[in-house]
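The values are calculated or read from the model by the stated rules, or taken from the named source; none is laboratory data. This one's a predicted model, so the numbers in the text were calculated from it and none came from an experiment. Please note: Cβ atoms are built from the backbone with ideal geometry, for glycine as well, and neighbour counts cover all protein chains shown. Remember, those area values only see protein heavy atoms, side chains included, never the ligands or the DNA or RNA. Shrake-Rupley method; radii C 1.70, N 1.55, O 1.52, S 1.80 Å.
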Amino acid sequence: MTHSSEHSPPAADATPEPLVTQAIFEQSPDGMLLLEGQRIAGCNAAALKLLGYERSEQLLGLTPAALSPDYQPDGTPSAEKARLLYHRAMRSGPQRFEWVHCRGTGGCDLWLEVLLTPLQGTGRRRLSHAVLRDISQRKELERRLQLSAKVFTATRDGILITDEHSRILQVNEAFTRITGYSEEEVRGRTPRVLQSGHHDADFYRAMWSCIRERGSWSGELWDRAKSGTLQPKWSTINQVTDAYGRVTNYIAVLSDLTELKRSQARLQHQAYHDALTGLPNRLLFKDRLARALERTRETEQRLAVLFIDIDHFKDINDSLGHTAGDRILRQIAQRLQEPIGPNDTLARLSGDEFAVCLGGLEDQSEALACAESLHRRLARPLQSGGQRFQCRCSVGICLYPDNGDTVEELLRGADSALHNAKSLGRNTTCFYAEELTERAQRRLNLAQQIRLGLERDEFAPFYQQQVELSSGNVIGLEVLVRWHHPERGLVAPGEFIPVAEELGLMAPLGATVLRSACRQAQAWLESGCEFGRIAVNLSAAQLQDGTLHTEVERLLEENGLPGERLELEITESAFMALDETTLANLQALRQHGVRLSIDDFGTGYSSLLYLKRLPIDQLKIDKGFIWDMSSSPESRSIVQAILELATILGLDVVAEGVETEEQREQLSAIGCMVAQGFLWGRPVAEPSFTSPPPPSLEP
Ligand code: C2E
Ligand code: CA
Ligand code: CA
């Protein structure tokens, strides 16, 4: 102690001079408070400034809690918290903590870091000293960071953050929701995992050069979600650089556009479609027509606009009410849509008015065929609320280039043709052109009459015998359709079948014949009339329908008619045009015992190889070879050759059109067994069965 007392100032002197102490206190850049007990006993200039006061007298005697908001950010009342901290400092020494003051009276919050130190040796005065440091800036930064983090997690947009090498560091929840990829799945990978192949390499090159040049890029990106679905996204990619301008990160913000696109598409659909039927509306119809017109101009083909008006639809609406009317309109729209191909357009123009645009036509009869098909489909009974009823329509047709050159002209033409159709008593079709060729006019009338005839059941089967030459026994009947025309009397098929074929009416006509023939055959069987079998002619349209074999099976079953009783005649040329499926279907029919016969054999071009593969039982020699057999050695040789061919292939033969005794004898002489012709009788509505049943068909 002696030593020290010599060289160091005495203990009392070791404390700085009061003046120095005061200077430190007053000039410190940190705010300082002197507390006696829990009340302020002094403060320096920096503290005054910090706390927003001018004179120290304003603070003296107050507790720090009195200068603070009622509650601290952690929710404790400021007075309580101040008391706690004070006692802790007194008990355990200096305390460092964060504290919020008010700046000035009623001012804003001021974040401070406080170091509260009890002063030793101050006796009963219990002095302490607080150093105040402003941490508002740091707090603000923290707050912002927290906010950013919240935005990152809470935003609806997907966010993806990569390092400078585009390796994914972090993604948010929305990213996972949108893309289906969790953070673990993509971390460390590049955003290429999302690429869909929708954009080419040039697209990505342009995107990256924009990011490099401008620091950011925005645009539509079509990515692929984890599920594999393509997702359109509005994407913004920002480049993040450090103080030296080096790239440290990329941030991509992705908003899912799927829903937007969907609603855009919906809006677009609504603008161009009719809400009730879902069909294109007038606007879209005109647009489609304009395009079809453009395409047609480059060809030699025609284009047709059909206007369709439902006859007396107002009555339906008035009697059944609008809700039922709407339901019926929807059914009508479906019916009308059936024959319209994918390249043509059916639209609803207004209330009960529809329109069709048909392109790629070779001939005006194709437009007529379409109109007929619409008439027919509409004529099938409709069902609404337990009620069945029938609709009819009127159709007006206008053709490019015949009747008009522009969209407007064609629409006007179709409208005026429709007007004509209506004034002609409805349920009919009218072409625009007044100067319709006589032939076209005849066909038009015929088509309408056939359609009506079908509805009125005017078509009936006639029957012509097929005879076994050796015995003269009837072994079969060929069914030949006749039309009981209300004005013209009995009409032969040659007059209406070609038109019916052309206008697509042959399928329903053929079905009618087949049906009534099967029914008649069963009736004969039941009444003990032995007819052998019935041979029904099939048209190409029936064969192409695809439902023929099921229809035949149904008819056989429905009528209880054995398959062996039915023969189907298909012309040589129709046979040649059959596809594999139809052939297989025919083959299936043969399994039921149904016989297949090639009609008009010798007029087509069957190759022998083809003939061998066909599922057939019989050849019918065309009457063209029979009628001049007596005078033409060539015809006779051909008939003979066909007979020999049939023997080789194991097929039966029928000779058609036998009119004379001479022909019969010649055929017998060269080995023909069965024939048919006027020699034994013309086709009749009710054949008589005089001959005994043929032995081959007896059970
Ligand atoms: P097709 O199948 O060749 O029928 C034979 C035609 O020759 C029948 O004419 C028949 O009346 C006629 N014919 C019969 N015997 C003689 C004869 O000795 N001399 C002459 N000159 N002719 C005779 P039709 O009834 O006028 O039928 C003509 C064509 O119409 C049929 O030729 C057939 O191709 C078609 N056809 C008739 N009915 C139907 C049918 O229901 N469906 C289909 N798809 N076509 C039918
Ligand atoms: Ca025939
Ligand atoms: Ca024939």
Every residue from region 364-373 that is touching a strand residue (DSSP E or B) at 6+ places or on another chain (Cβ under 8 Å), surrounded by fewer than 23 Cβ atoms within 10 Å (Cβ to Cβ) and not charged (D, E, K, R): 364
Residue check for residue 325: free of Cβ contacts under 8 Å to residues at least 24 places away in the same chain, open to solvent by less than 10 Å² (accessible area, probe 1.4 Å) and over 18 Å from residue 412 (Cα atoms): yes
Qualifying residue in region 542-554 (condition: more than 14 Å from ligand 2 (Cβ to nearest atom), under 41 Å from the mean Cα position of the chain (by Cα), in contact (Cβ under 8 Å) with a residue 60 or more places away in the chain and not in a helix (DSSP H, G or I)): no
The lone exception for residue 495 - which of (1) surrounded by fewer than 18 Cβ atoms within 10 Å (Cβ to Cβ); (2) assigned to a strand (DSSP E or B) it fails: (2)
Every residue from region 234-281 that is surrounded by 13 or more Cβ atoms within 10 Å (Cβ to Cβ) and of a type in the set (A, V, I, L, M, F, W, C): 234, 237, 240, 247, 251, 252, 253, 254, 257, 276, 279
Positions within region 477-489 being at pLDDT 95 or above and either within 13 Å of ligand 1 (Cβ to nearest atom) or on the phi > 0 side of the Ramachandran plot (or both), in sequence order: 477, 478, 479, 480, 481, 482, 483
Residue check, residue 678 within 16 Å of ligand 2 (Cβ to nearest atom) and within 21 Å of residue 479 (Cα to Cα): yes
Criterion violated by residue 354 - all others in (1) within 19 Å of residue 428 (Cα to Cα); (2) of a type outside the set (S, T, N, Q); (3) open to solvent by 60 Å² or more (accessible area, probe 1.4 Å) satisfied: (3)
Qualifying residue in region 623-636 (condition: at pLDDT 90 or above, within 27 Å of residue 542 (Cα to Cα) and within 16 Å of ligand 2 (Cβ to nearest atom)): yes
Region 502-531 - residue that is closer than 15 Å to residue 478 by Cα and within 16 Å of ligand 2 (Cβ to nearest atom) and, of those, surrounded by the most Cβ atoms within 10 Å (Cβ to Cβ): 510
Some residue of region 35-45 being open to solvent by 40 Å² or more (accessible area, probe 1.4 Å) and closer than 15 Å to residue 103 by Cα: yes
Options 564, 580, 569; residue that is more than 23 Å from residue 670 (Cα to Cα) and within 16 Å of ligand 2 (Cβ to nearest atom): 569
Residue list for region 442-455, restricted to those being open to solvent by 30 Å² or more (accessible area, probe 1.4 Å) and either within 15 Å of ligand 1 (Cβ to nearest atom) or touching a Pro at 6+ places or on another chain (Cβ under 8 Å) (or both): 454
Any hit, region 464-481, residues being surrounded by fewer than 22 Cβ atoms within 10 Å (Cβ to Cβ) and within 16 Å of ligand 3 (Cβ to nearest atom): yes
Lone qualifier among 531, 496, 459 - being touching a residue at least 40 places away in the same chain (Cβ under 8 Å), aromatic (Phe, Trp, Tyr) and closer than 23 Å to residue 596 by Cβ: 531
Condition met for residue 581 (at pLDDT 90 or above, exposed (fewer than 15 other Cβ atoms within 10 Å of the Cβ) and of a type in the set (Val, Ile, Thr)): no
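Please determine, by comparing only the residues of region 633-653 that are within 16 Å of ligand 1 (Cβ to nearest atom) and closer than 14 Å to residue 666 by Cα, which one is surrounded by the fewest Cβ atoms within 10 Å (Cβ to Cβ).
Filtering first and then ranking leaves 635.
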Some residue of region 414-422 being within 21 Å of residue 299 (Cβ to Cβ), at pLDDT 90 or above and buried (at least 24 other Cβ atoms within 10 Å of the Cβ): yes
Sole residue being open to solvent by less than 40 Å² (accessible area, probe 1.4 Å) and assigned to a strand (DSSP E or B), chosen from 169, 115, 110: 110
Selected residue (criterion: farthest from residue 475 (Cα to Cα)) from residues of region 654-668 that are open to solvent by less than 10 Å² (accessible area, probe 1.4 Å) and under 60 Å from the mean Cα position of the chain (by Cα): 658
Residue in region 545-574 that is modelled with the lowest pLDDT, counting only those that are open to solvent by 30 Å² or more (accessible area, probe 1.4 Å) and under 11 Å from residue 510 (Cβ atoms): 545
Search result, residues across region 392-410 that are in contact with a His (Cβ under 9 Å, 6 or more places away or on another chain) and surrounded by fewer than 22 Cβ atoms within 10 Å (Cβ to Cβ): 392
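Yes or no, residue by residue, for (1) under 30 Å from residue 484 (Cβ atoms); (2) among the acidic types (Asp, Glu); (3) at pLDDT 90 or above; (4) within 16 Å of ligand 3 (Cβ to nearest atom):
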residue: 667; (1), (2), (3), (4): no, no, yes, yes
residue: 672; (1), (2), (3), (4): no, no, yes, yes
residue: 676; (1), (2), (3), (4): yes, no, yes, yes
residue: 683; (1), (2), (3), (4): yes, no, yes, yes
residue: 687; (1), (2), (3), (4): yes, no, yes, no
residue: 690; (1), (2), (3), (4): yes, no, no, no
residue: 693; (1), (2), (3), (4): no, no, no, no
residue: 697; (1), (2), (3), (4): no, no, no, no
Flag if residue 302 is of a type in the set (Lys, Arg) and either touching a residue at least 40 places away in the same chain (Cβ under 8 Å) or under 16 Å from residue 415 (Cβ atoms) (or both): yes
Filter pass, residue 333 being surrounded by 16 or more Cβ atoms within 10 Å (Cβ to Cβ), part of a helix (DSSP H, G or I) and under 25 Å from the mean Cα position of the chain (by Cα): yes
Residues located in region 139-166, provided they are open to solvent by less than 100 Å² (accessible area, probe 1.4 Å) and part of a helix (DSSP H, G or I): 139, 140, 142, 147, 148, 149, 151, 152, 153, 154
Candidate set: region 589-607, residues that are open to solvent by less than 30 Å² (accessible area, probe 1.4 Å) and either charged (D, E, K, R) or assigned to a strand (DSSP E or B) (or both); chosen: the one nearest to ligand 3 (Cβ to nearest atom): 599
